[in-house]
Amino acid sequence: MQRGQTKPLVELMGVTQRYGRGARQFTAIQDVNLTIAEGEFVALLGPSGCGKSTLLRIITGLNRPSEGLVRYRGKSLDGVNPYATIVFQTFALFPWLTVEENVAVALKARGVDDATAHRRAVELIDLVGLDGFEQAYPRELSGGMRQKVGIARALAVDPELLCLDEPFSALDVLSAEALRGEVLELWTGGSLKIRAVLMVSHNIEEAVFMADRIVVMDKNPGRVIAEVLVPLPHPRDRKSDAFAALVERVYAVLAGQTQPEAVEYGTEPGQSGQTRLLPAVSVTALAGLLEQANATDDERDPIARLQDELGLDLDQLLPLIEAVELLGFARVESGNLILTPLGEAFAEASIQTRKEIFASRLRRLPFFRWMLRMIAAADNQSLRWEVLLTALEPEFPSEVAERQLDIALEWGRYAELFAYDDAEGRFFLEAPTVAAK
Amino acid sequence: MFKPRTFTPDLPKSSLFSRADLWLLLILIGLLALAIVAAEGAPATVQGPDIDLSLSALPFYALRSVGRMALAYGLSLLFTLIYGYIAAYNARAERIMIPLLDVLQSVPILSFLPVVLLSLSAVLPEAIAVELTAVVLIFTSQVWNMTFAWYQSLTTIPRELREASSIFSFSRWQRFTTLEFPFGAIALVWNSMMSWAGGWFFLMAAEIFTLGERDFRLMGLGAFLQTAADRGDIGAIGWGLLALVIVIVTLDQFVWRPLLAWASQFRLEMIGRDDDEAQSWFYDLIRQSALSQWFGRLAGSIDQFVGRVFRQHPAPDPFLDNSTQRRSALSWVLTVVGVLIIAWGVWSGSQLLLQVSIAQWGSIILGVGATMLRVATATTLALLWTVPVGVYIGTRPRAAAVLQPIVQIAASIPATALFPVLVLALIAIPGGLNLAAIALMMLGTQWYVLFNVIAGAAAIPQDLRFTSELLQLRGWERWRILILPGLFPYLITGLITASGGAWNASIVAEYVVFNQQTYQTFGIGAQIAAATAAGDFAGLFAATLAMIAAVVTINRLVWRRLYRLAESKYRME
């Protein structure tokens, strides 16, 4: 509809966001350049931790970037952008205010008098289809209805830039679908002042369904890795080949290609070079993925289909895929997951054999090689949690280091590489009973 | 029912005493020494009021007692809002203010009573000084948990709600009325109730305080009860206690319950549910009356008026601002002045401590030990009866419905009000004051333990109870595997509060003036009181410091470790 106009509304130039300082500095977003033009619906897509929500907060002026420039209509942004508004993932409604008060509060903050605020709030509640619920409290509403209040409140300030921060991910499937349609209707109807929409999403289908352009981000550090145009007219047909082809294309971009082992593994903590972060997945979920992929006769499993069958969202699936790649159980090629013979063996193995396979793979990972050496070198071959944490801290911010140790603990315990005494907070080398059998 | 909660700020896991603790200790020593120096000018004799034991005087005394409580509570609320706000929004100030609160909440407040009394009566007219001391004492007993609650709710407001307030450009006032206050309201009301209940203990203690020639008593219910016990007037004791219970129950019904019911509209859960703890017939009555509409209109126009004033000043939310803060010139000046004052205090304090002889230090240390034994005995005795009774009530909803209100009424009587009665009953037998001291400690603390045991027993998940039944766990096995681990976190919370209360009680319990005669038993509380009576300021300073140091050390070495253990190992999820 409004396509063809290309006047830039928002421009980001070399935006970088860092947290902490010194050795523990952590780069959330690195050198992002992005333009949102008038009339565009842009989706920001990426795995969790890629900084897409942070980017949205920088664009609206809630956060100030460490480096780089944010411009709105050509002027550089200082403080919160009064022409922008956000619809939040968790709705961010005030539980002690009624539906009407929740909408009116945004108007009152702008100095609108009570009577006008009341009239305008009722109109907007009408617009999103909540008439009759003006005096209800958010706790009386379903998730979908709450998000409608969130939308009405966002529209109350007549925004030019509407930002949606994973607006449908806290809703059940049916409400989410219905609300997607309604948001699109509001946008394509053109009766509102909104000049552009920016939606953060981790749902590929949702992005292809709604956006004109998808900006794909990756993590460590958060950055833009690709932009995919969606040249399909609204309303879009999810069943069409063109739609499916676009979805697969985005999957291929996101899942990437399996790298050679040396690149996948990274280096040990403390050595020069990048230490590979262990993806946060449980061994059970990992086994589930391998079993599912092994269940079909095809050698190649499209990741889009696996996600559907397993009922996972992208934030759950991507770390799993990362883990099976890292452990050498599968490869990723152009949006397909291909099990290696080892992966197939794991999927079919007994409980004990699985542990052995898993242990043999963990012993190859630099992180575990380092950890086992540390424990073996300590007195009584036992080491306190804090010691390992301190050793990791020059490499990672402390929350990341703790998280990494937690994951390593679960994997290593499963593989019986080491034991852990929770009361004492100590790692022990396990006697090599597994090998003896 | 009041649930005691103890706040534990995030502290380094590895070491028990941090560098911040050292600074805090110095600050505390400094302040205390300053007060002692001021106290040296206190008059040697203080005339107490004449207490009228006639029934017609009771309402007047009750009113004066409630007035002191209300004044102290008002101060506490004001302090809470300001202190909590600064601590939550100024990262630099937070680093000092929160550990300081943590130490202050664990310090036995009554140990300050003599010092505060003497230093105030040195500079102010006696009548005002004594009134002010009572208010200060109640204030210090009420304020810490309220401040923590407010600080904690300010810092736990969900980020998205803050962002929403920011993106819709709320002014500071609007942020306070729409977000911060509603978010903290329930915690603030709960903690106010607890603080109010706890305040009675200190009010009664302050009202009956007498040392040698100095009679610091205040006209009020506490002094009434004490005089009645002095004269052995059983009838007057009965009437006094009745009046106290009536006052406490009335305030509960007409002030706290309605407030709680009012605050329940600010609950955060998004699921609808009826909270029967927050029911109040009086609140329902007010709501239906014209009075509430009038109040609503009044609040609305105040909101509009203040809102208009604040609208000119947009307020960026410091929580969302990730740029580093600069230290202002004012904070530099304040820091320097503060450090100078503290340094002077520490210096004069150390001069004082030099006057204390080795022998005196020896008896102080022994005194700490003796009081510690009494505290341990009292808490053990409290445990022995509260655990079985609490588990009985907690696991039987029907028994709880009958017994809970009775327990609550019994618990609402401040132990210090009963103390004169205890003394009357026990003073004649040998070792009587020792018994009375332990009994007072128990009376003041057992309820915290009991309420926590009830709550803990009720919180043991049904599934686990069924499982243990299926496994046929009986007798000791059942206690060892199911009940005690389930109770553990609750027991620890209750015991922390209880032992704090017991230390407090030692000041009034170990040194008693009864019928113009002074009785004392060996202990640190008696030493503090005796030093005050004798005008031995060096001894008073040394003994008070020793008690504070003992309590803070026990807290860190024993209670905090157990609390961590309870948090990590015995938490039911």
Tally of residues being modelled with pLDDT of 70 or more and within 14 Å of chain A (Cβ to nearest Cβ) across segment B:262-297: 9
Any hit, segment A:175-187, residues being touching an Asp or Glu at 6+ places or on another chain (Cβ under 9 Å), crowded, with 18+ Cβ neighbours inside 10 Å and within 14 Å of chain B (Cβ to nearest Cβ): no
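Out of B:A546, B:A529, which single residue is at pLDDT 85 or above and farther than 16 Å from B:R214 by Cα?
On inspection, the qualifying residue turns out to be B:A546.
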Meets criteria (more than 27 Å from A:P138 (Cα to Cα) and modelled with pLDDT of 90 or more) for A:V70: yes
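Let's see how each residue does on (1) aliphatic (A, V, I, L, M); (2) touching a residue at least 40 places away in the same chain (Cβ under 8 Å); (3) touching a helix residue (DSSP H, G or I) at 6+ places or on another chain (Cβ under 6 Å):
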{"site": "B:L58", "(1), (2), (3)": "yes, yes, yes"}
{"site": "B:L63", "(1), (2), (3)": "yes, no, no"}
{"site": "B:A72", "(1), (2), (3)": "yes, yes, yes"}
{"site": "B:F79", "(1), (2), (3)": "no, yes, yes"}
{"site": "B:G84", "(1), (2), (3)": "no, yes, yes"}
{"site": "B:A88", "(1), (2), (3)": "yes, yes, yes"}
{"site": "B:M97", "(1), (2), (3)": "yes, no, yes"}
{"site": "B:V107", "(1), (2), (3)": "yes, yes, yes"}
{"site": "B:V116", "(1), (2), (3)": "yes, yes, yes"}
Residue, surrounded by the fewest Cβ atoms within 10 Å (Cβ to Cβ), within segment A:277-314, restricted to residues that are touching a residue at least 12 places away in the same chain (Cβ under 8 Å) and out of contact with any helix residue (DSSP H, G or I) (no Cβ under 9 Å at 6 or more places or on another chain): A:E299
Residue within segment B:154-162 that is in contact with an Asp or Glu (Cβ under 7 Å, 6 or more places away or on another chain), away from every other protein chain (no Cβ under 14 Å) and within 22 Å of B:Q265 (Cβ to Cβ) present: yes
Condition broken by B:Y448, with the remaining ones in (1) among the aromatic types (F, W, Y); (2) out of contact with any helix residue (DSSP H, G or I) (no Cβ under 7 Å at 6 or more places or on another chain); (3) buried (at least 20 other Cβ atoms within 10 Å of the Cβ) satisfied: (2)
Residue that is nearest to the chain's Cα centre (by Cα) [pool: residues in segment A:150-166 that are crowded, with 24+ Cβ neighbours inside 10 Å and away from chain B (no Cβ under 12 Å)]: A:L164
Selected residue [assigned by TED's automatic domain parsing to the domain that holds B:A197, in a helix (DSSP H, G or I) and free of Cβ contacts under 8 Å to residues at least 60 places away in the same chain] from B:A149, B:A129: B:A129
Test: residue in segment B:178-187 that is assigned to a loop (DSSP other than H, G, I, E, B) and within 14 Å of chain A (Cβ to nearest Cβ): no
Check on B:S195, under 26 Å from B:L251 (Cα atoms) and buried (at least 20 other Cβ atoms within 10 Å of the Cβ): yes
Any hit, segment A:379-389, residues being away from chain B (no Cβ under 14 Å) and under 25 Å from A:G256 (Cβ atoms): no
Of residues in segment B:396-419 being surrounded by 17 or more Cβ atoms within 10 Å (Cβ to Cβ) and assigned to a loop (DSSP other than H, G, I, E, B), the one farthest from the chain's Cα centre (by Cα): B:I413
Residue match in segment B:423-438 (condition: crowded, with 18+ Cβ neighbours inside 10 Å, part of a helix (DSSP H, G or I), within 22 Å of the chain's Cα centre (by Cα) and not acidic (D, E)): yes
Residue in segment B:326-344 that is touching a Ser or Thr at 6+ places or on another chain (Cβ under 9 Å), of a type in the set (G, A, S) and at pLDDT 70 or above present: no
Residues of segment B:154-173 classified as of a type in the set (S, T, N, Q) and crowded, with 22+ Cβ neighbours inside 10 Å, total: 3
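With segment A:177-287 as the region, which strands (runs of 3 or more DSSP E) entirely inside it contain at least 1 residues that are at pLDDT below 90, among the charged types (D, E, K, R) and within 30 Å of A:W411 (Cβ to Cβ)?
Result: A:213-218.
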From B:G84, B:G67, B:G74, residue being over 28 Å from B:A236 (Cα atoms) and surrounded by fewer than 16 Cβ atoms within 10 Å (Cβ to Cβ): B:G74
Test result for B:L473, over 20 Å from the mean Cα position of the chain (by Cα) and outside any helix (DSSP H, G or I): yes
Scope segment A:338-363; condition hydrophobic (A, V, I, L, M, F, W, C) and touching a strand residue (DSSP E or B) at 6+ places or on another chain (Cβ under 6 Å); matching residues: A:I338, A:L339
Which listed residue is of a type in the set (S, T, N, Q) and more than 19 Å from the chain's Cα centre (by Cα), from B:S192, B:S165: B:S165
Residue list for segment A:288-320, restricted to those being in contact with a His (Cβ under 7 Å, 6 or more places away or on another chain) and either in a loop (DSSP other than H, G, I, E, B) or of a type in the set (K, R) (or both): A:D313
Some residue of segment B:229-237 being away from chain A (no Cβ under 14 Å) and either closer than 30 Å to B:A88 by Cβ or in contact with a Lys or Arg (Cβ under 6 Å, 6 or more places away or on another chain) (or both): no
When residues of segment A:390-400 are limited to those that are within 14 Å of chain B (Cβ to nearest Cβ) and surrounded by fewer than 16 Cβ atoms within 10 Å (Cβ to Cβ), the one nearest to A:W370 (Cα to Cα): A:T390
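Select, from A:R373, A:R369, the only residue that is assigned by TED's automatic domain parsing to the domain that holds A:A419, without any contact (Cβ under 8 Å) to a residue 24 or more places away in the chain, of a type in the set (K, R) and over 30 Å from A:E248 (Cα atoms).
After ruling out the rest, the residue left standing is A:R373.
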Residue check for A:N81: touching a Phe, Trp or Tyr at 6+ places or on another chain (Cβ under 8 Å) and in contact (Cβ under 8 Å) with a residue 24 or more places away in the chain: yes
Residues located in segment B:218-229, provided they are surrounded by fewer than 24 Cβ atoms within 10 Å (Cβ to Cβ) and in contact with a Pro (Cβ under 6 Å, 6 or more places away or on another chain): B:M219
Qualifying position, being of a type in the set (A, V, I, L, M, F, W, C), over 24 Å from A:V263 (Cβ atoms) and surrounded by fewer than 15 Cβ atoms within 10 Å (Cβ to Cβ), among A:A376, A:A347: A:A376
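The values are calculated or read from the model by the stated rules, or taken from the named source; none is laboratory data. A quick note: this is a predicted structure, and the numbers were derived from the prediction, not measured. Positions of Cβ are generated from backbone atoms using ideal geometry, with glycine treated the same way; all protein chains shown enter the neighbour counts.
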